[in-house]
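Undergrad: Submitted below is the structure of interest, expressed as structure tokens.
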There are 2 protein chains.
Amino acid sequence: MSVTIREIAMQAGVSRGTVDRVLNGRTGVKPEIRERVLAIADELHYVPNVAAKALAYHRKPIRIGIVMPPKEITFFDEIRKGIHAAEDELKGLGICLEYAYINNQQADEGATAIRTLIANGASGILFSAIDDEANRVSINEAIEQGIPVVTFNSDIEGSKRSCFVGQDLGKSGEIAAGLMSRVLRGKAKVLVVVANMKFHAHRMRVQHFKNSLAIIGDIEVVEVIEGFDRYEDTFIKLNEALQKHPDLDGIYMATGHAGACMDAVRRAGKDGQLRIVCNDLMPEVEQGLREGKIDFTIMQNPIQQGYRSLRILYDLIFTGKKPESEYQYTETSILIAESL
Amino acid sequence: MSVTIREIAMQAGVSRGTVDRVLNGRTGVKPEIRERVLAIADELHYVPNVAAKALAYHRKPIRIGIVMPPKEITFFDEIRKGIHAAEDELKGLGICLEYAYINNQQADEGATAIRTLIANGASGILFSAIDDEANRVSINEAIEQGIPVVTFNSDIEGSKRSCFVGQDLGKSGEIAAGLMSRVLRGKAKVLVVVANMKFHAHRMRVQHFKNSLAIIGDIEVVEVIEGFDRYEDTFIKLNEALQKHPDLDGIYMATGHAGACMDAVRRAGKDGQLRIVCNDLMPEVEQGLREGKIDFTIMQNPIQQGYRSLRILYDLIFTGKKPESEYQYTETSILIAESL
DNA sequence: ATGAAAGCGCTAACAT
DNA sequence: ATGTTAGCGCTTTCAT
């Protein structure tokens with residue numbers, strides 16, 4: 001059988017209560033005893049029993065706070081599914097979830113959410129919001145108070161969060177390039193559409209896409225268009241580009257308004273003549289795939305993102321198990337119409 | 001707080017021991033009391049507390065038997081990874097795993113494995129072996145004894161197993177067709193290579209591939225070659241086919257020896273001129289992708305298969321939660337060189 | 001056939 | 001600062 005606090009207590013010549021205090025970093029233990037207990041626990045390779053811990057916490061479950069966009073943001077639907085799946089498995093295992101929905105409209109939403117959750121007794125936080133200074137600061141504040149934070153879907157870089165669970169942005173750009181090179185054999189010209197090159201995530205995709213194409217050779221990126229996530233901007237700029245490059249062979253929609261892109265292609269009378277590679281699976285992309293307007297879309301496995309982030313945080317709090325790497329990338333997968 | 005056996009016991013006017021007997025189908029309870037307890041449990045929507053159950057089972061963990069090919073069969077490596085991941089999560093949650101490795105060489109290996117596991121006190125079985133009558137019978141025997149069985153990777157059809165966790169074979173054929181149609185635009189000729197059309201799994205892929213191509217139009221399947229998983233057969237037949245169809249555009253390796261396929265293509269001097277779509281990610285396929293000899297490979301998410309099958313069996317035994325569907329399909333994904 | 005009670009490993013409130 | 005003890009919900013052994 002595995003090692004228990006009882007055994008550690010006996011070997012250290014103290015009570016189980018004291019061992020519990022030491023192992024959970026509670027105050028009120030003489031330093032030398034603390035040392036001794038820690039040493040024995042380490043030597044015996046003590047791992048707490050999840051079931052026992054969960055049962056003991058049953059009266060006062062550990063609160064986990066979740067900061068993310070509200071239900072209206074359908075992009076997060078799949079991520080929510082993953083969180084619920086993990087919640088289902090962890091049901092009765094001593095945790096309780098509290099959600100704080102934020103819109104990323106005001107500057108201090110993230111900070112307020114974190115502070116409120118901590119005030120309500122959260123012992124850990126799952127966080128997904130824009131990568132700005134205010135959020136970085138408040139995450140670091142939480143860490144200072146000993147409350148671990150796991151970011152998901154969108155990282156807060158340079159913060160002290162335990163880890164980030166999300167997509168490998170570089171890889172999605174590379175895969176897009178790989179797909180283009182396979183459907184456009186030989187010399188070809190492609191256009192890149194992106195929402196905003198100021199955002200790290202958007203830039204990463206484009207950069208890796210270009211770099212990969214450069215290695216492959218033969219395919220030229222004629223232009224990179226910024227649509228700022230607005231239909232109008234995207235549509236207009238794309239119209240111009242399609243006129244300017246009548247010999248275009250493909251479009252990579254790195255980020256931004258896929259609907260506008262398809263409309264512009266149709267208006268140019270190029271339906272079916274251009275190879276189009278997208279990211280994610282918004283409703284319009286799904287429809288585009290079904291109708292043959294889009295060839296491929298690259299996914300970031302949102303369900304896994306939700307699931308893994310909650311699991312990782314649970315393990316961190318309950319068993320003290322640190323994630324193997326600071327970056328937990330979910331699988332980057334390719335979808336075609338037949339995948340749906 | 002949630003409903004406990006204590007509450008049910010009070011409402012039914014019996015002891016907790018009796019409630020436990022009823023809820024776990026143990027003998028020695030008067031039928032009318034059994035009825036009453038069951039009714040109350042149902043009415044109160046009783047769900048057992050996993051943590052408490054796991055802790056109680058700590059002394060005598062529930063044994064789960066796993067029947068699958070031995071470590072030498074590298075195809076199962078990823079599946080094993082998934083099983084280990086689930087085991088990790090379930091560690092300390094009242095289970096213990098026992099493996100029975102079989103080679104599918106002799107007729108009664110599966111039956112023997114199941115019988116041995118049951119003799120050793122298994123309360124549930126994970127099963128992956130060839131779909132034959134002997135295995136079907138022994139699975140049904142296990143079920144008769146109240147021991148749930150979950151098949152994974154390869155189903156035992158018509159058996160009374162609780163569910164099957166594995167790939168949607170039809171879908172992989174359809175995706176292969178979709179990929180072909182995207183890389184071979186317009187009129188084209190493709191060849192299908194399969195190990196053995198007598199096997200249901202192999203046939204399914206080929207059928208769905210052909211059906212999908214028929215709908216898409218334009219692409220003709222010139223021949224279906226059986227390689228029987230042997231290098232020689234595959235290589236020789238493919239050589240002949242390549243000579244017979246000098247205007248071939250692509251090859252779909254539904255199942256079988258991918259290495260032989262690549263060698264035959266090279267020998268015919270067609271390297272890089274044919275579009276090749278494979279299944280799975282054996283070492284030779286991975287290398288083929290890297291070297292640009294293979295364009296796409298279709299995956300059956302083996303890690304998920306291992307993970308989900310163990311989780312499902314655990315939930316079945318511990319919480320009585322039945323899987324939502326008899327067929328639990330793992331995601332079918334597409335890989336290219338850049339995905340690696 | 002049924003009840004009572006001990007115990008699984010851990011936490012937390014209470015005692016010293 | 002440390003020990004003691006009563007649970008958490010369930011299983012299981014021992015009485016009755």
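The values are calculated or read from the model by the stated rules, or taken from the named source; none is laboratory data. Keep in mind that this is a model prediction, so the values were computed, not measured. All Cβ positions, even for glycine, are placed from backbone atoms using ideal geometry, and neighbour counts span all protein chains on display. Areas reflect the complete protein model, heavy atoms only, side chains present, ligands, DNA and RNA absent. Shrake-Rupley method; radii C 1.70, N 1.55, O 1.52, S 1.80 Å.
Undergrad: Yes or no: B:Leu184 within 11 Å of chain A (Cβ to nearest Cβ) and in contact (Cβ under 8 Å) with a residue 12 or more places away in the chain?
TA: Yes: the conditions hold for B:Leu184.
Undergrad: Here is a follow-up. Considering only region B:26-38, state which residues are in a loop (DSSP other than H, G, I, E, B) and either more than 26 Å from B:Ser123 (Cβ to Cβ) or open to solvent by 60 Å² or more (accessible area, probe 1.4 Å) (or both).
TA: B:Arg26, B:Thr27, B:Gly28, B:Lys30
Undergrad: Continuing with the same structure: Going through B:Lys91, B:Lys81, B:Lys60 one at a time, which residue ends up being at pLDDT below 95 and either under 27 Å from B:Lys198 (Cβ atoms) or away from DNA strand C (no atom under 11 Å from the Cβ) (or both)?
TA: Sole residue among the options that is at pLDDT below 95 and either under 27 Å from B:Lys198 (Cβ atoms) or away from DNA strand C (no atom under 11 Å from the Cβ) (or both): B:Lys91.
Undergrad: Could you please find all residues in region A:3-38 being away from DNA strand D (no atom under 11 Å from the Cβ) and within 14 Å of chain B (Cβ to nearest Cβ)?
TA: A:Val3, A:Thr4
Undergrad: Specify the residue that is least open to solvent (accessible area, probe 1.4 Å); the eligible residues are those in region A:268-278 that are away from chain B (no Cβ under 13 Å) and either in contact with a Cys (Cβ under 7 Å, 6 or more places away or on another chain) or closer than 21 Å to B:Met180 by Cα (or both).
TA: Going through the qualifying residues, I end up with A:Cys278.
Residue by residue, here is whether (1) assigned to a helix (DSSP H, G or I); (2) of a type in the set (Val, Ile, Thr); (3) in contact (Cβ under 8 Å) with a residue 12 or more places away in the chain; (4) not assigned by TED's automatic domain parsing to the domain that holds A:Asp280 holds:
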| site | (1), (2), (3), (4) |
| --- | --- |
| A:Ile79 | yes, yes, yes, yes |
| A:His84 | yes, no, yes, yes |
| A:Ala100 | no, no, yes, yes |
| A:Asn103 | no, no, yes, yes |
| A:Ser138 | yes, no, yes, yes |
| A:Ala142 | yes, no, yes, yes |
| A:Thr151 | no, yes, yes, yes |
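Undergrad: Now, a different point. Select from region B:321-340 the residues that are more than 19 Å from B:Cys278 (Cα to Cα) and touching a residue at least 40 places away in the same chain (Cβ under 8 Å) and write down the one among them that is surrounded by the fewest Cβ atoms within 10 Å (Cβ to Cβ).
TA: Applying the filter and picking the extreme gives B:Ser325.
Undergrad: Okay, next question. Among the residues of region B:1-39, which ones are among the aliphatic types (A, V, I, L, M) and either within 10 Å of DNA strand C (Cβ to nearest atom) or under 26 Å from B:Ile147 (Cα atoms) (or both)?
TA: Across region B:1-39, the qualifying residues are B:Ile5, B:Ala9, B:Ala12, B:Val14, B:Val19, B:Val22, B:Leu23, B:Val29, B:Ile33, B:Val37, B:Leu38, B:Ala39.
Undergrad: Could you please find all residues in region A:39-72 being away from DNA strand D (no atom under 16 Å from the Cβ), outside any helix (DSSP H, G or I) and free of Cβ contacts under 8 Å to residues at least 12 places away in the same chain?
TA: A:Glu72
Undergrad: Just name the residue that is farthest from DNA strand C (Cβ to nearest atom) out of those in region B:40-52 that are under 26 Å from A:Lys53 (Cα atoms) and either over 37 Å from the mean Cα position of the chain (by Cα) or open to solvent by 50 Å² or more (accessible area, probe 1.4 Å) (or both).
TA: Once the filter is applied, the top-ranked residue is B:His45.
Undergrad: Can you tell me which residue in region B:67-110 is most open to solvent (accessible area, probe 1.4 Å), limited to those that are away from chain A (no Cβ under 14 Å) and of a type in the set (Asp, Glu)?
TA: Here the residue is B:Glu72.
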